[in-house]
Amino acid sequence: MKRRVVLVDDHRLFRAGVRAELGDAVDVVGEAGTVETAVPLIRELDPEVVLLDVHLPDGGGEAVIAGVAQERPAVRFLALSVSDAAEDVIGVIRAGARGYVTKTISGPELAAAIERTAEGDAVFSPRLAGFVLDAFRAGERVHGDSELEELTAREREVLQLIARGYRYKEIAARLHLSVKTIESHVSSVLRKLQLSSRAELTHWAAQRRLI
Amino acid sequence: MAFPQLTPPDRRVAAGVCGGIADAIAVDPTLVRLVFALLALAGGAGLVLYVAAWFAMSAPRREKPWAPLLLVVIAASLALGALGLSGYAVASLALIAGGLTLIWRRGGSLRPGAPLSAAGVVLVAGGFVLLLARGGPADSFLAPGAVGGALLLVAGPWLWQLGVERDAERTARIRTEERAEVAARVHDSVLQTLALIQRHAEEPRRVASLARRQERELRGWLYGATIDGETLTGALAAAAADVEELHGVRIELASSGDCTVDDALRQVVLAAREAMANAAKFAGSDEIAVYAEVDVSRATVFVRDRGDGFDPESVPADRRGIEESIRGRMARAGGSAAIVTAPGDGTEVELTLPRAGS
């Protein structure tokens, strides 16, 4: 059974490219280019996964998630972007996206990421892992009573390895753990990030550039 | 505002002038009537003005509206006379007003190239002379104001237009400069890249790396992303882009924390670049991951490929790449390099530099 996917990106050419790259791996049931068209489309089609651009002309990916989450809580979002701004990416993740991959990702890798998202797992690209480590470290650095719950040593280790370009399987082998355990560590990081307060991350965004 | 029409007979009090004006400027007719009544007290100016308005409104498209104009001038003279001005002053003001009217009617103002009515100029000048020469003491306060006002009326539009033209010119110049800058940028980058892509159309990897590099560069320019040597991640991004272009590989760059580049960190960037280039040349994998982590105590850069790996013992001693460019460079900068690899298991180079002041 192929995964039912909706593409949301304001560049038609890019959507066509993603469609072609994915080929038969998934079933692309719909496309939208704006928040305004995406929200009713997703509500209607009820796909398993939405590939979501971080930046849209009439709002961000966050707005799409906010517009859909209430009515279709089962729909899972995977952010797909070339955006380099950490705070934008973290914003979409906090709104509820299960992961973030860059647009340069290859077709098979993207298909694998969609599968993982559909399963309810988190998808951390190296870049996202770096952003997340950054966000948590800034939390520690600034406050003792950080609202951002701290990462465990193991979670930090896993995130660092993801940032260094290791895949889950390689990380599992290196740490003598199962892939399932790695996945649960990553999901736990995602949860901590989504539960943390907005103020904390705003502070992080302002501080993050230079240490 | 529409030209006032006389009020229809059923609503008019006298000729329908006040009602018409009130309609045209959307105020209460009583107010207009009150103004006319007050003006009538000023030497009868209101009455004359009423007749002038009636002339103008009963036949607004008349070829030569001299009658109402003349009446308006008379009304103004009466009003000024009632204010206590001497006959000379009133006459000279009338002359100035008449001259200005002539000038305006014959082509506007002193705009360059606009025709200037000689009769109008003579009238205005005559008015000034009369005012200055024969005006009584009571008029002395009036003279400077009248001269200034007249000059403003004639020269004002001209100066204003000059200003508008200069603004437009400046805007156009800025726009041209911006366009030239964009054109230069597009020429230097995008067009060159497109030319390169055409020449290398048979090598998809090279085309992809050219496109990637161009995208980074353009994005950096448009959105101010840091692809410069200022910060560690910026410098690494620049190095990665170079290696991508030279060797047709894909480099995924991730980072956590950042800092400005000093001399020691510049050596780290160069060592990292060497590690990327090695991975691109020898590993046989077209994907390289680079991760930079900066915290208060140290900066660490990881360069990892998933390629062939190698046996560190078997590297010939004359191959200076790793020994000189990576280990030696890191040691001189006060840091260290560790290389983890095995045949068939990829390679990871870890560069660590303690941070000054920690």
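Bear in mind these aren't lab numbers, they're just calculated from the coordinates by the rules spelled out. This one's a predicted model, so the numbers in the text were calculated from it and none came from an experiment. Here the Cβ is made from the backbone with ideal geometry for all residues, glycine too, and neighbour counts use every protein chain on show.
Data overview
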item	result
Whole-Å distance, taken between Cα centres, linking region A:1-42 and region B:272-315	35
Relative exposure of A:Arg12, A:Arg3, judged by other C-beta atoms within 10 Å (fewest first)	A:Arg12, A:Arg3
Cα-based convex hull volume of region B:152-196 per residue, rounded to whole Å³	34
Sequence of B:His200, A:His176, A:His185 once ranked by neighbouring C-beta atoms within 10 Å, starting from the fewest	A:His176, B:His200, A:His185
